[in-house]
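See structure below.
The values are calculated or read from the model by the stated rules, or taken from the named source; none is laboratory data. Predicted model only: the values in this text are computed from it and were never measured. Note: ideal-geometry Cβ built from the backbone for every residue, glycine included; neighbour counts use all protein chains shown.
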Amino acid sequence: MASFTELPLTKGRFAALGVRNFRIFFSGLMVSVTGPWMQTTAQAWLVLKLTNSSLSLATVASLQFLPIMLFALVGGAVADRFPRRKLMFATQAFGALQAVFLGVLVATGSVTIWHIYVLALTLGVINALDTPLRQAFVSELVSLPFVPNAIALTSMVQNLGRIIGPALGGIVIAAFGVEAAFFLNALTFAAILIALMRIRPEELEPSRFTGKPSVISQIGESLDYAWRTPTILFLLLATAFIGMFGQNFTTIVPLVANYIVHASAAEFGLLNSCLGTGSFISAFLLTSRGAPSVRRILLSGLAFGIMLIAISLTGNLFVSCFLFLIVGASAVTFSASVTASLQIQSPPEMRGRFAAMVHLLITGSSPIGAMLTGFVAQSFGVWVSIFANGALCCIGMAISFLYFRRSRKDKNFDLGRVAKQEETAPPPVVTAAE
């Protein structure tokens, strides 16, 4: 099974950095990406200091993810309706204001748990728009041959932030207090805001709004397009299983740490570090891999599920660390490949909506997936819950493979062409050669 596209993709691990606009955006992202992880660490610490309640901590996480589940598709439609550069400037500015406001509340000693609830919900709304917007904006910064490399580089730096951010947040909290982490997060937003101002709009490859009369009709249009386009439906089907049952790391890792390997606090941090390190290594390797393939997507999803099954059956900390390393690598290989494929195949005017669908299936489904994981763990045992999650991911890859094999015989599943940019373009299609 070959690449989803036969475009003359540009070679080189850092090829997309040769494009001025992307280089500027990437530089700003490198600075700003650690900030949100610092805030996540500081926010969790603050909630526990205020309430000493695991329920309050779970409530904050749910409130932050709930808007993504409810509004991700709306965010994608908005990202396709208005200029993405200007929208992203607005979302980043509001993110900075949210961090400043939280920092001021802590610094003045007036913060309460209800303030955190409201601000977590606010941040969730911002992220519901910003994440699909950012993914779609990458495809405006570079031409199609550079898209897989640009997405891999973006994923690499985001996972680097995931490793550095929490550690830096802990140091800042210990040295200067919780409020310093919030203020420092707000400061990091300046880097991406400056980058967005320095980007040359005339060198972008913007989408064209299709002129649908409402956001709801835009969403309906993209859902209908996905249903009629086997290549896109294949990607969304595979993502639904991995997102719902696998990528609930905020629930899975603590359960494994506490009930399977009986880890200490430091060992719990080690498990998280292994997960983040695997993610970063995978993203780095993907920068030189070119266009994603059906094989890569299916095998990475299958490896992800098998590793979860293996984790459920081992009680050894170091074996679990190694397995989480592979889980992180598999997760990023899968999600980055799906994202790149959708950005390549979908018409430019729909890229925000398809990025939002992936965001919804992976991140927005977290509250449901976490609830199911917790229910099975409570009723039948933690190892059964983790095993079931891994098994369902494997089943999802099997179903996706069968759909791929069936659809490949259809003339609409031609794995070699990319969606045309005209508004009247036919559904994007892909060809696969054995």
- request: Out of the residues in segment 86-95 that are in contact (Cβ under 8 Å) with a residue 60 or more places away in the chain and surrounded by fewer than 20 Cβ atoms within 10 Å (Cβ to Cβ), state the one that is nearest to THR41 (Cα to Cα).
  value: ALA93
task: Tell me which residues, restricted to segment 356-380, are farther than 28 Å from PHE71 by Cα and touching a residue at least 24 places away in the same chain (Cβ under 8 Å).
output: ALA377
message: So, in segment 313-342, exactly how many residues are surrounded by fewer than 24 Cβ atoms within 10 Å (Cβ to Cβ) and either more than 18 Å from ILE281 (Cα to Cα) or of a type in the set (Asp, Glu) (or both)?
response: 7
- line: The condition of being within 17 Å of ASN389 (Cα to Cα), assigned by TED's automatic domain parsing to the domain that holds LEU361 and under 21 Å from the mean Cα position of the chain (by Cα) holds, among ALA257, ALA291, ALA283, ALA303, only for ALA303
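Okay, residues lined up against (1) more than 22 Å from PHE65 (Cα to Cα); (2) of a type in the set (A, V, I, L, M, F, W, C):
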site: ILE113; (1), (2): no, yes
site: ILE116; (1), (2): no, yes
site: VAL125; (1), (2): no, yes
site: ALA128; (1), (2): no, yes
site: GLN135; (1), (2): no, no
site: GLU140; (1), (2): yes, no
site: ILE151; (1), (2): yes, yes
site: GLY161; (1), (2): no, no
message: Considering only residues that are touching a Leu at 6+ places or on another chain (Cβ under 6 Å) and outside any helix (DSSP H, G or I), which ones fall in segment 268-320?
response: THR287, GLY290, ALA291
message: ALA93 - would you say it is over 23 Å from ASN248 (Cβ atoms) and either at pLDDT 90 or above or not in a helix (DSSP H, G or I) (or both)?
response: yes
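Residues are listed down the side, and each one gets a yes or a no for (1) assigned by TED's automatic domain parsing to the domain that holds MET69; (2) in a loop (DSSP other than H, G, I, E, B); (3) crowded, with 24+ Cβ neighbours inside 10 Å; (4) over 16 Å from the mean Cα position of the chain (by Cα):
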residue: TYR117; (1), (2), (3), (4): yes, no, no, yes
residue: ALA128; (1), (2), (3), (4): yes, no, yes, no
residue: VAL138; (1), (2), (3), (4): yes, no, yes, no
residue: VAL157; (1), (2), (3), (4): yes, no, no, no
residue: PRO166; (1), (2), (3), (4): yes, no, no, yes
residue: LEU184; (1), (2), (3), (4): yes, no, no, yes
residue: ALA190; (1), (2), (3), (4): yes, no, no, yes
residue: ALA195; (1), (2), (3), (4): yes, no, no, yes
- prompt: Filtering segment 32-54 down to residues that are loosely packed, with under 15 Cβ neighbours inside 10 Å and outside any helix (DSSP H, G or I), which residue is farthest from the chain's Cα centre (by Cα)?
  reply: ASN52
statement: Of the residues in segment 343-395, those that are among the aromatic types (Phe, Trp, Tyr) and crowded, with 20+ Cβ neighbours inside 10 Å come to PHE354
